[in-house]
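The values are calculated or read from the model by the stated rules, or taken from the named source; none is laboratory data. All values reported here derive from a predicted model rather than from experimental measurement. Cβ placement follows ideal geometry from the backbone for every residue including glycine, while neighbour counts extend to all protein chains displayed. In case anyone asks, the SASA skips ligands and DNA or RNA and just uses the protein heavy atoms, side chains included. Shrake-Rupley method; radii C 1.70, N 1.55, O 1.52, S 1.80 Å.
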Amino acid sequence: VGVKLFKIQLVDHASFSHAAAEQYRTEMAIMPKRGLIRDRNGVILAANAFVVKYAVDPKAIQKRDKLAQAFAETFGKPVSTYLDIFRDTTRRYIVVEKEVPLEVAARLDTIHDHGLIRTMDSRRNFAFSERASHVLGFTSKDGRGLAGIELFANHELGGQPGFQVMQRDGHGGKRPDVDYERVPAVDGENLTLTIDETIQSIVETALKAGVETAKAEAGIVIVIRPNTGEILALANTPDFDPNHFGLATNEMLRNRAITDAYEPGSTIKVLTAAAALEDHAWRPDERIDAEHGHWNPEKGVRITDTHPYGVITFTEALEKSSNVCFAKISDRLQQRRFYKYLRDFGIGNYTGIDLPGEVRGVLHTPAH
């Protein structure tokens with residue numbers, strides 16, 4: 001016995017002391033506050049809202065029936081649901097209700113019971129519900145960005161967690177100790193977007209009305225400040241409420257504005273005109289026959305205009321957006337040169353927008 005005591009107390013003292021310390025020390029995470037997201041004018045689009053989580057220690061509950069009745073009246077569930085939970089004495093900590101808004105939790109402020117445990121939690125709150133939902137995205141319950149700018153800037157918005165070393169007793173209870181290490185959390189950075197909430201609101205209203213009138217499946221609007229490239233509004237319909245993103249379908253969550261490729265339409269004429277002038281293939285005052293709105297350059301190919309034009313200048317062709325004239329204008333451009341100009345303008349490339357999931361356009365390499 002003496003030899004054994006000597007071994008435990010002197011030879012193995014350090015290892016046993018370390019094992020004991022590990023048993024009564026535990027780390028508790030200190031979560032940072034997620035940064036705010038504002039529009040260009042300082043309007044808060046995404047912030048943090050406090051909610052309450054209710055748990056019970058069934059062995060410590062003093063008035064089981066009264067507590068069950070209070071929960072039933074507050075949350076609209078049968079009293080028996082809570083009584084069944086409160087009778088489970090095999091566990092000392094059972095979550096009863098979580099993510100309870102403060103205004104609802106206030107109804108239970110008069111309930112005082114040793115077995116009732118209240119914990120304040122934080123959740124992401126999107127101030128304008130569906131507004132700019134595809135730009136903002138959404139977060140998980142633990143505050144991780146899962147889509148949109150919340151995902152793209154998750155590292156900056158999320159901050160860095162800290163921790164508090166707590167003392168744990170034999171029953172598993174935890175309490176802080178002044179001698180134990182504490183590393184505070186670093187709160188996330190605030191983020192200001194180029195989006196203008198007012199313009200975004202107008203755009204979304206007009207887009208939904210337009211899609212309904214046209215009986216379309218979906219619609220997209222992007223509003224850009226031309227001289228800077230700043231995006232003032234980006235809207236898709238259908239959209240979703242990021243506060244309840246679990247109710248949204250995949251079609252509602254899809255940010256078509258950056259995930260779908262689409263035909264550039266008449267906007268390509270501006271790039272074609274720039275390439276033609278830069279290459280000296282055409283002069284601004286040079287005249288082109290618009291064929292009175294109908295042209296058959298080869299068998300089986302027919303190009304038409306909405307209005308019949310005769311002979312007009314290059315400048316007038318651009319002003320009137322003549323399909324016939326621009327088909328003729330592009331014919332003077334060497335294919336590979338034209339391809340290079342379109343590439344230089346960014347056609348077929350990524351824009352580099354600060355949102356996840358962007359796909360680049362399609363621009364085929366010319367055969368010769």
Taking the condition of being among the charged types (D, E, K, R) and open to solvent by less than 20 Å² (accessible area, probe 1.4 Å), how many residues in the stretch 35-49 meet it?
1
Just give me the residues in the stretch 324-337 being buried (at least 18 other Cβ atoms within 10 Å of the Cβ) and in contact with a Ser or Thr (Cβ under 7 Å, 6 or more places away or on another chain), in sequence order.
Phe326, Ile329
Return only the number of the condition from (1) farther than 26 Å from Lys141 by Cα; (2) modelled with pLDDT under 85 that Glu99 does not satisfy.
(1)
Only one of Ala132, Ala185, Ala147, Ala127 is at pLDDT 90 or above and out of contact with any helix residue (DSSP H, G or I) (no Cβ under 8 Å at 6 or more places or on another chain). Can you tell me which?
Ala127
Within the stretch 191-214, does at least one residue satisfy the condition of being under 23 Å from Ile44 (Cα atoms), of a type outside the set (D, E, K, R), out of contact with any strand residue (DSSP E or B) (no Cβ under 6 Å at 6 or more places or on another chain) and buried (at least 18 other Cβ atoms within 10 Å of the Cβ)?
yes
Quick check: anything in the stretch 48-69 touching a residue at least 60 places away in the same chain (Cβ under 8 Å), part of a strand (DSSP E or B), farther than 25 Å from Thr110 by Cβ and touching a strand residue (DSSP E or B) at 6+ places or on another chain (Cβ under 7 Å)?
yes
Please enumerate the residues belonging to the stretch 274-331 that are among the hydrophobic types (A, V, I, L, M, F, W, C), over 25 Å from Phe345 (Cα atoms) and part of a loop (DSSP other than H, G, I, E, B).
Ala290
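Give, as residue ranges, the helices (runs of 4 or more DSSP H) completely inside the stretch 96-170 that count at least 3 residues that are under 14 Å from the mean Cα position of the chain (by Cα).
Filter on the stretch 96-170 gives 133-136, 148-152, 154-158.
For every residue, the table says whether it meets (1) assigned to a loop (DSSP other than H, G, I, E, B); (2) over 27 Å from Lys320 (Cβ atoms); (3) among the β-branched types (Val, Ile, Thr).
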site	(1), (2), (3)
Glu217	yes, yes, no
Ile220	no, no, yes
Thr228	yes, yes, yes
Asn243	no, yes, no
Ala257	no, yes, no
Ala261	yes, yes, no
Ser266	no, no, no
Thr272	no, no, yes
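Please go through the stretch 311-323 and pick out each residue that is of a type in the set (Ser, Thr, Tyr) and open to solvent by less than 20 Å² (accessible area, probe 1.4 Å). Steps first, please.
In the first step, residues of the stretch 311-323 are kept if they are of a type in the set (Ser, Thr, Tyr); the result is 313, 315, 321-322.
Once the filter is applied, which keeps residues that are of a type in the set (Ser, Thr, Tyr) and open to solvent by less than 20 Å² (accessible area, probe 1.4 Å), the stretch 311-323 yields only Ser322.
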Scan the stretch 56-110 residue by residue and report those that are touching a Pro at 6+ places or on another chain (Cβ under 9 Å), of a type in the set (Val, Ile, Thr) and open to solvent by less than 70 Å² (accessible area, probe 1.4 Å).
Ile85, Thr89, Ile94
